[in-house]
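Asks: Below: one structure in structure tokens.
The values are calculated or read from the model by the stated rules, or taken from the named source; none is laboratory data. Everything quoted here is computed from the prediction, not taken from an experiment. Cβ coordinates were reconstructed from backbone atoms using ideal geometry, including for glycine residues, and neighbour counts include every protein chain displayed. Side chains included, ligands, DNA and RNA excluded: accessible areas come from the protein's heavy atoms. Shrake-Rupley method; radii C 1.70, N 1.55, O 1.52, S 1.80 Å.
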Amino acid sequence: MKLHWHILVAIGFGIKRNWHIFTALILGIIVGIVFPFQYGEPGPHHEVLLFIGQAFIKLIQMIVVPLVISAIIVGIASLGDSRQVGKVGARMVGYYALITFIAVVIGISMALIFTPGKGIKSKIDQQQTQLVQDKVEKIKETTSNIDIPSLMLNMLPGNAADPDVKENSQPETFIFQTLIALIIFGCAFASIGEVNRPVVAFFESVFAATMKVTDWIMVIATPGIFSLTAYYVAKAGVDTIKDLWLYATVILLGLAIQLFVTYPIIIKLFSKIKVTSLYQAITEAMMVAFGTASSSATLPITIACCERRAGISSKICSFVLPLGATMNMDGTALFQSVAVIFIAQAYDIHLTPLMIILIGALAMVASSASAGIPSAGLITLALIVQGSLKLSVEEVGQAYVLIFAIDRILDMFRTLVNVTSDTVVASLVAAGEGELDYDLLKNQEVWKEVV
Ligand code: ASP
């Protein structure tokens, strides 16, 4: 318990360093509650908030693609040979998988214990419930029809110049294809020796320039985050939150366990890092993640916090953080596990142990296939519903609409968790590789500004 207070105090100090962003978040929540949408429609003042918020998000998104490309190429090339890349990569994937697995176990257990979907059964049309139940019973006997080989084939990058490739790619698989191509080329640059210098030097300048642009864009972080928070709280409205309070509480509690129990234990088990110092170093990234609900948009700040304060070497940051921002979504996996079980409970579907295991496994895959953008987890949730309950989104539409109504608010919290776990894994990998500057992490007097 003592450690949790220390963590809260550390986050408090982090907030104090950048109190204006925190104030923007709190004011945003208050304004959103006081001026909700009227009859589900935004007023002119809401449009102004959305305009400012979207301008901020668009500006950050502008730098995400050059940042990810340059960071991964530079990161891998500077790791040296491909054996080193393999070692760091294996460590990274191992930690990401462990953290996501724990998140899924927490989500499933909490949803089964607190049964958040039972209470909303009355809101679901009884006839529809009967239809859904009949269908699930029939399909339970048949085996899963997910075509794994073609799913894997879709992940592989093809000829980028072929117009059909772009047309046929889903956004999620497109991101995977791009990442795989970048990793392969990064490894190639790492293994060709000195001759890689012109290209690596080029990407080093692109990376430095994107970080510079980040500093400039952060000037409007405060109004941007205020506007986004106010708009989406106003849109959700307090009434929806009242209806779904148990569902929201289960997810928030699960995310809190992940943040305050799982990460500290994993950090303690695998390194000598002081949890409170790490959390204090990354508080700005947490706040920006909360405000934007986008791991990708937060990536520049995450990198800045980790390099300038947490003492993680730039080669580890450049490799681990961009991959984490697109693939490591433990907060999303937790939310998805709860959401699917919530849907099952709302339609009175009996979950067999096998179905529960399938929900967990699919949540691990679907979450990492979610892009680091707002509501991406809600889209890939359909894959889990389809894969485990064998139901389409339309069939469970009434429960889905409820989840949708409150999603943005929960997205803010789960993105905070997603981003935090990226930094936890980056610091663990760095510590394991001797790439963590403990002196910098401990010595806050020399920490550089991030926002
Ligand atoms: N918004 C989340 C992120 O960017 C993804 C999701 O859960 O929708 O990390």
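Asks: Just need a number here: residues in region 1-35 that are part of a loop (DSSP other than H, G, I, E, B) and out of contact with any Asp or Glu (no Cβ under 8 Å at 6 or more places or on another chain).
Replies: Looking only at that region, the number is 2.
Asks: Looking at SER109, is it open to solvent by 20 Å² or more (accessible area, probe 1.4 Å), within 24 Å of the chain's Cα centre (by Cα), free of Cβ contacts under 8 Å to residues at least 40 places away in the same chain and closer than 30 Å to GLN398 by Cβ?
Replies: In short, yes.
Asks: Does SER421 satisfy the condition of being more than 16 Å from the ligand (Cβ to nearest atom) and within 21 Å of the chain's Cα centre (by Cα)?
Replies: The answer is no for SER421.
Asks: Do the conditions hold for LEU354, that is, is it away from the ligand (no atom under 16 Å from the Cβ), open to solvent by 10 Å² or more (accessible area, probe 1.4 Å), more than 30 Å from ALA310 (Cβ to Cβ) and out of contact with any helix residue (DSSP H, G or I) (no Cβ under 8 Å at 6 or more places or on another chain)?
Replies: When the stated conditions are applied, LEU354 passes them.
Asks: Would region 36-44 turn up any residue that is part of a helix (DSSP H, G or I) and either touching a residue at least 12 places away in the same chain (Cβ under 8 Å) or aliphatic (A, V, I, L, M) (or both)?
Replies: Scanning region 36-44, I find no residue that is part of a helix (DSSP H, G or I) and either touching a residue at least 12 places away in the same chain (Cβ under 8 Å) or aliphatic (A, V, I, L, M) (or both), so the answer is no.
Asks: Being within 16 Å of the ligand (Cβ to nearest atom) and either of a type outside the set (Lys, Arg) or assigned to a helix (DSSP H, G or I) (or both): is that true of ALA333 here?
Replies: Yes.
Asks: So, of the residues in region 39-53 that are under 9 Å from LYS235 (Cα atoms) and surrounded by fewer than 13 Cβ atoms within 10 Å (Cβ to Cβ), which turns out to be modelled with the lowest pLDDT?
Replies: Per the stated criteria, the residue is GLY40.
Per-residue answers, yes or no, for (1) more than 16 Å from the ligand (Cβ to nearest atom); (2) modelled with pLDDT under 85:
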| site | (1), (2) |
| --- | --- |
| ALA361 | yes, no |
| SER370 | no, yes |
| SER388 | yes, no |
| ALA399 | yes, yes |
| LEU402 | yes, yes |
